[in-house]
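Notes follow the structure.
Nothing in this text is a laboratory measurement; each read-out follows from the coordinates by a stated rule. This structure is a prediction, so every number in the text was calculated from the model and none was measured. No Cβ is skipped: glycine too gets one built from the backbone with ideal geometry, and neighbour counts run over all protein chains shown.
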Amino acid sequence: MEIAKVRGYALSSPINPVQSREFHGGVRRLLKRDIVLVVIETKDGEQGFAPGGASSSAMREYFEDESQMLFSDLVNEEIAPALEGTSIQEVEDAHDIIDNTDLPERVCHEAASAVDVALYDLKGKRTGTPIYELLSDRFDTEPTTSLPMYASAGMYMPPEGYEEQARILDELGFFGYKYRPGIGPEKDRHTIDILNEVTEDIEIMLDAHTWWKMGNHSYGSSTISDLVEYAGSTGAYWIEEPVEPDDHDGYRELSELGASLAGGESKESPQDLIELAQTGAVDFLQGDVRHHRGFTGCSTIIEFCQGKNIEFVPHNFGTWLGLVANAHLVSAAPEVNLLEYPVFENDPALESSKDPGMYPFELAFDIIEEDLEVSNGHIEVPDGPGLGVTVDLDIVEDYPATEGPWTEFHYKDE
Ligand SMILES: [Mg+2]
């Protein structure tokens, strides 16, 4: 296909009023969520869409605080000139073009991710095929179109806050409830106990990146070991990123404690994820089509995991467009079954007496015209051509980008 136009749109979804969350090391303020939408148009006027990159960790050094807006500039100023006017036979050809630019490697990975997803969307639309079918051809699998999901919510709440969310999400039939601890070692331990008491079927996952992101108040290694061991002993399904992403020795030591560990979202490339897997210390590997070179890159990681004692469960935290993209991957990929479902306020797909959402993120839903079908904790993967959803371009007007970081950490004593 001949690529005529590549565009990135930075958009902001305000959190009004601004929220403050207390954690062990201080207060975190939540101001907005930023996203980038990437659109690729062919010479024939067809459009492919993708959620655009800038994972906070991968882009931090390159872009510092304002990653999302600068990522859209980068798409428009560096990636667009490289791709426009080229003729792409295979999606991989676009990866080569991006890798041949002068951009730093980590930026190439982020750009290749968005371009890969948008080209798959185009390829599906051209052939009238959902992406999961294109991927099933590659993997030689039968797609599964109703996928179990775990709910990703809780962040810095009093233990009763986590408790309430877990109860609601349990009732809604989700496979698991993932929360972010970090309210102090004793309270974190208490939260583990409470969640075990009040939940029935739902698995519990801890996303523990908070433990080492609290400035001077970050937990020491013995506190982390104790908490990991305790969570494991109470049956936690996994403990995610309990140490810094590149601390492979730390992962190895913790893996001796009997708890299941997860990680990978902060890695820059598919190869980096594979190297984490090769430590043998993680049970769950969390690549993401939005950050790890799209379907192409994640397929490589999944093929590495095949037949080994490690399960690929995509990291997925953002809008419904990203959710749908990762859903197509899970649908087709071998030995991959579970999808992460971020829970935001006023989710039109969830019906419950109380709102289990983390905070408002209206753009997460408004980005596509359709409502997604979620019932009993399962999502029906859209079966139309490409991603199978219609991006609502009104969002470009409705959610103008605003300056500044989306979140701020105010640490005690610093
Ligand atoms: Mg995480």
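Within a 10 angstrom radius of the beta carbon, how do H248, H292 rank from fewest other beta carbons to most?
Numbers: H248 17, H292 33.
Least crowded to most crowded, the residues run H248, H292.
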Percent relative contact order for segment 133-392, counting Cα pairs under 8 Å at least six residues apart, stands at 22
Trypsin sites (Lys or Arg not before Pro), loop per DSSP, at most 13 other Cβ atoms within 10 Å - longest free stretch of the chain: 44-307
Using a Cα-Cα cut-off of under 13 Å, which aspartates and glutamates could be cross-linked to K125, ignoring same-chain neighbours fewer than 8 residues away? E41, D44, E46, E133, D383
If r is the Cβ-Cβ distance from E229 to E351 and R0 is 35 Å, what FRET efficiency results, to the nearest 0.05? 0.40
Can you list the residues of segment 266-299 with backbone N under 14 Å from a point 7 Å past the Cα of N309, pointing along Cα to Cβ? 278-284
Residue-ordered couplings for segment 106-115, obtained by feeding phi - 60° into the Karplus form 6.51 cos²θ - 1.76 cosθ + 1.60 and rounding to whole Hz (Gly and Pro as x), are 5, 6, 4, 4, 5, 5, 4, 4, 5, 5
Here are some pairs, K213/K308; K5/K32; K32/K187; K213/K267; which of them have Cα atoms lying more than 20 Å apart in this structure? K213/K308; K5/K32; K32/K187
Candidates per GluC sites (Glu not before Pro) in segment 362-412, loop by DSSP, up to 15 other Cβ within 10 Å: E369, E370, E373, E403
Compare D73, D247, D34 in a GNM of the chain, Cα atoms joined below 10 Å, and give the one with the largest fluctuation. D247
Starting from the amide H of K32, placed 1.01 Å from N in the peptide plane, find each other amide H under 5 Å away whose residue is 5 or more places distant or on another chain. I15
For segment 316-327, in residue order, the Karplus 3J(HN,Hα) values (coefficients 6.51, -1.76, 1.60; θ = phi - 60°; whole Hz; Gly and Pro = x) are 8, 9, x, 7, 5, 5, x, 4, 5, 4, 5, 5
Taking amide hydrogens as modeled 1.01 Å from N in the peptide plane, which residues meet the under 5 Å criterion relative to S152, leaving out close sequence neighbours? K178, Y341, V343
For a test of the definition: using alpha carbon positions, the gyration tensor, and the 1.5 limit on a/c, classify segment 133-392 as rounded, prolate or oblate. oblate
Given a Förster distance of 35 Å, the FRET efficiency implied by the Cβ-Cβ spacing of E46 and S146, rounded to the nearest 0.05, works out to 0.75
Size of electric dipole in segment 133-392: Cβ of Lys, Arg +1 and of Asp, Glu -1, about Cα centre, debye, nearest 20: 560
Counting only residues 5 or more apart in sequence or on a different chain, those whose built amide H sits under 5 Å from that of E268 are none
Calculate one ³J(HN,Hα) per residue across segment 376-382 by plugging θ = phi - 60° into the Karplus curve 6.51 cos²θ - 1.76 cosθ + 1.60, and present them in order as whole Hz with x for glycine and proline. 6, x, 10, 10, 8, 6, x
Going toward the positive end of the dipole of segment 144-248, with +1 on Lys and Arg Cβ and -1 on Asp and Glu Cβ, which of H209, F174, S233 do you reach last? H209
